[in-house]
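The values are calculated or read from the model by the stated rules, or taken from the named source; none is laboratory data. What you see is a predicted model; the values in this text were computed from it and never measured. As a convention, Cβ positions derive from the backbone with ideal geometry for all residues, glycine included, and neighbour counts pool all protein chains shown.
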Amino acid sequence: MSDLNVKDILISKGFHYNKALGQNFITDGNLLSAIVSDSGVDSGDTVVEIGTGAGTLTRAIAAKAKKVFSFELDKNLISVLDLSLKGLDNVEVIFKDVLKMTDGELKEIVGGEFKVVANLPYYVTTPMIMRFLESGLDVKSITVMVQKEVADRFVATVGSKEYAAVSLAVQMRGEARVTRIVGRQMFFPMPNVDSAVVKIDVDKNKLHGVDLSALSRLFRISFAMRRKMLTNNLMSGYGLSREKAIDVLLKADISPTVRGEALSIDQYVKVLNVLKDFGTK
Ligand code: SAM
């Protein structure tokens, strides 16, 4: 299917783009193949795609994967997809919101192990990625097009200005890297921002034995007031006295004057262990 064909189908079906659903489509064949290549998907893989759109990325994934389960919200795309995905027997489009589905419901459709590949709707990027990272589902990797600024935060390392609670939330469950930057002109209609493709190789046992939900809470508390010292954030987040908060940091070999953005994941794990030893709730 050529680039022109999909645009023609959209026009012939009188399709109206829904901005609120983050509908910025890609039709460039080279870019679509490059995203699939970045994902490392091959003939043994089951893929979950979020946001079928006009089915352009779906087709590119289907050309490499064993099976594609593509989730979409907008039923106005049905007549477009009937044409653009015609003849593909390894694609199933499901008109459901995965954010509203349980792991069990998803497992029933998708089966076991899978990879996520998607050009995500901007309004829901982080919840969508966290939905898969935090789930009990067998997700091997997540390769997604997101707003460039968001991608920068996912891969940010300690000390950088992009480093945020979400950097840690992603990196404690896998290895994340940006595989390519994609200019806004590659989308139709054109958005106001540039994008990037991020690949996360998921490893849910990366921090073996660590209570990940307690660690996530510590990240949120530590970054709650970004300009304040970590001591202050620990005081207000856990209801500790200044003396106790300083003691926690000293016991974890961390200076009480640092900010949350100065700590690596390993240092946060140390702080968490001291908090636990102190019986902090
Ligand atoms: N994959 C297509 C492409 O690359 O051209 C479309 C990408 S477009 C950025 C995002 C798509 O996600 C839109 O078609 C939109 O309707 C759909 N969408 C928005 N929210 C969704 C949700 N919660 N679940 C599934 N699809 C959603």
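Structural remarks
- Sub-6 Å Cβ pairs linking a first residue in segment 143-160 that is small (Gly, Ala, Ser) to a second residue that is part of a loop (DSSP other than H, G, I, E, B), at least 6 apart or interchain, are Ala156/Glu162; Ala156/Tyr163, ordered by first then second residue.
- Residues located in segment 67-79, provided they are assigned to a strand (DSSP E or B) and within 9 Å of the ligand (Cβ to nearest atom): Ser70, Phe71
- So Thr46, is it near the ligand (Cβ under 10 Å from one of its atoms), at negative phi, hydroxyl-bearing (Ser, Thr, Tyr) and buried (at least 18 other Cβ atoms within 10 Å of the Cβ): no
- Residue selected from segment 80-102 under the condition surrounded by 14 or more Cβ atoms within 10 Å (Cβ to Cβ) and in a helix (DSSP H, G or I), by the criterion farthest from the ligand (Cβ to nearest atom): Leu83
Residues checked against (1) within 30 Å of Val6 (Cβ to Cβ); (2) over 19 Å from the mean Cα position of the chain (by Cα); (3) touching a residue at least 12 places away in the same chain (Cβ under 8 Å):
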site: Tyr163; (1), (2), (3): no, no, yes
site: Ser167; (1), (2), (3): no, no, yes
site: Val170; (1), (2), (3): no, no, yes
site: Gly174; (1), (2), (3): no, no, yes
site: Met186; (1), (2), (3): yes, yes, yes
site: Asp194; (1), (2), (3): yes, no, yes
site: Val198; (1), (2), (3): yes, no, yes
site: Asp201; (1), (2), (3): no, no, yes
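- Subset of segment 1-59 [part of a helix (DSSP H, G or I), closer than 18 Å to Leu73 by Cα and at pLDDT below 95]: Leu10, Lys19, Ala20
- Residue match in segment 122-133 (condition: of a type in the set (D, E, K, R) and touching a strand residue (DSSP E or B) at 6+ places or on another chain (Cβ under 6 Å)): no
Each row is one residue, and each column tells you yes or no for (1) touching a helix residue (DSSP H, G or I) at 6+ places or on another chain (Cβ under 7 Å); (2) within 14 Å of the ligand (Cβ to nearest atom).
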residue: Val117; (1), (2): yes, yes
residue: Glu134; (1), (2): no, no
residue: Val155; (1), (2): no, no
residue: Ser167; (1), (2): yes, no
residue: Gln171; (1), (2): yes, no
residue: Thr179; (1), (2): yes, no
residue: Pro189; (1), (2): no, yes
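- Residue match in segment 114-130 (condition: exposed (fewer than 13 other Cβ atoms within 10 Å of the Cβ) and of a type in the set (Phe, Trp, Tyr)): yes
- Among the residues listed as Leu21, Leu31, Leu83, Leu73, the single one being under 26 Å from Gln185 (Cα atoms), touching a strand residue (DSSP E or B) at 6+ places or on another chain (Cβ under 8 Å), touching a residue at least 24 places away in the same chain (Cβ under 8 Å) and of a type outside the set (S, T, N, Q): Leu31
- Cβ-Cβ under 9 Å pairs, at least 6 apart or on other chains, segment 95-120 side under 23 Å from Ala196 (Cα atoms), far side among the charged types (D, E, K, R) and within 9 Å of the ligand (Cβ to nearest atom): Val116/Glu49; Val117/Glu49; Ala118/Glu49; Asn119/Glu49
- Filtered residue count, segment 49-66, keeping only those that are within 11 Å of the ligand (Cβ to nearest atom), of a type outside the set (Val, Ile, Thr) and farther than 21 Å from Lys19 by Cβ: 2
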